[in-house]
Amino acid sequence: MSLPAVAVSQTPENKFREYLASRPKPQRFTDQQRELVEHVFSRHTHFDAEELIGALKSAGKSVSRATVYRTLSKLVDAGLLRRIELGERTVFDHDYGYPAHDHLVCEQCKSMEEFQSEELESLLDKVAAQNQFRPTGHTLVIRGICAVCNAARAAKPRLVM
């Protein structure tokens with residue numbers, strides 16, 4: 001399921017500029033950061049830093065590896081991206097301009113599927129209230145085997161001994 005974008009009051013670039021300007025020591029918004037933000041928010045995909053570096057190079061963008069890593073961290077801090085830890089791999093997902101959602105990750109083919117569940121959100125709100133806890137967000141990743149990999153596994157002939 002691909003989630004539709006939701007209306008936001010600012011573009012990701014403007015929100016990031018605002019974040020940089022509001023830091024204790026204001027930072028300037030560079031051309032490399034602009035290219036990176038434009039690229040990341042021109043499509044809704046999950047990616048890791050190395051995939052982003054490769055995609056930027058393929059698109060003819062000249063953004064240094066250090067700038068990519070620093071900017072990704074700042075985009076997370078600014079609330080534009082969220083970091084999802086998948087074992088040894090860290091992927092990034094849009095946290096701004098898309099509805100709250102969670103992920104199903106196939107341990108075999110590494111596919112990542114987004115899903116929304118009102119029942120799950122309600123349950124999390126109930127658990128937080130029962131514990132007098134005020135949540136600011138959550139990240140849920142359900143690991144397992146996707147339908148395609150399950151079907152492929154079921155189709156393989158089994159050796160009988």
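We did not get these values from a lab; they are worked out from the coordinates using the rules stated. All figures in this text were calculated on a predicted structure; none of them were measured in a lab. No Cβ is skipped: glycine too gets one built from the backbone with ideal geometry, and neighbour counts run over all protein chains shown.
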Quick one: dipole size for the stretch 9-56, taken about the Cα centre, charges +1 on Lys/Arg Cβ and -1 on Asp/Glu Cβ, in debye to the nearest 20.
360
With point charges of +1 on the Cβ of Lys and Arg and -1 on the Cβ of Asp and Glu, referenced to the Cα centre of the chain, which listed residue (PRO4, SER22, GLN33) lies farthest in the positive direction of the dipole?
GLN33
At most 11 other Cβ atoms within 10 Å and a DSSP loop assignment: could you name the trypsin sites (Lys or Arg not before Pro) in the stretch 1-70 that fit?
ARG28, ARG43
Please figure out what share of the DSSP beta bridges in the chain is antiparallel and state it in percent, rounded to the nearest 5.
75
Using a Gaussian network model of the chain with C-alpha springs under 10 Å, which one of ILE142, ILE53, ILE84 is most mobile by mean-square fluctuation?
ILE142
Helix-derived [θ] at 222 nm for the chain: sum -39500 (n - 2.57) over DSSP H runs of at least 4, divide by residue count, nearest 500?
-12000 deg cm²/dmol
The stretch 90-147 and the stretch 11-40 have their Cα centres apart by a whole-number Å value of 27
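Counting other beta carbons within 10 Å of each Cβ, put LEU52, LEU104 in order, fewest first.
Values: LEU52 21, LEU104 18.
Least to most surrounded, the residues fall as LEU104, LEU52.
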If you take every DSSP beta bridge whose two residues both sit in the stretch 100-161, what share of them, in percent to the nearest 5, is antiparallel?
50
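Under 1.5 on a/c is rounded, so check that first for the stretch 100-161, then, if it is not, pick prolate when a/b is larger than b/c and oblate when it is not; a ≥ b ≥ c are the square roots of the alpha carbon gyration tensor eigenvalues. Write down the numbers at each step before the final one.
Values: a/c = 3.94, a/b = 2.99, b/c = 1.32.
The shape class here is prolate.
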Out of ASP93, ASP125, ASP102, a Gaussian network model of the chain with alpha-carbon springs under 10 Å gives the largest mean-square fluctuation to ASP125
Classify the stretch 1-98 as rounded, prolate or oblate from the Cα gyration tensor: take a ≥ b ≥ c as the square roots of its eigenvalues, call it rounded if a/c is under 1.5, otherwise prolate when a/b beats b/c and oblate if not.
rounded
Under 8 Å for C-alpha pairs, at least 6 residues apart: give me the relative contact order for the chain, rounded to a whole percent.
21
Here is the link list: LYS15/LYS61; LYS57/LYS110; LYS110/LYS156; LYS25/LYS74. Which ones come out longer than 25 Å on Cα distance?
none
Place a +1 charge on the Cβ of each Lys and Arg in the chain and a -1 charge on the Cβ of each Asp and Glu, then give the dipole magnitude about the Cα centre in debye, rounded to the nearest 20.
520
What residue among HIS44, HIS138, HIS94 has the largest mean-square fluctuation in a Gaussian network model of the chain, using Cα springs under 10 Å?
HIS138
Want the number for ALA7 to ASP77: 0.36 nm per residue separation, take away the alpha-carbon distance, what's left?
23.1 nm
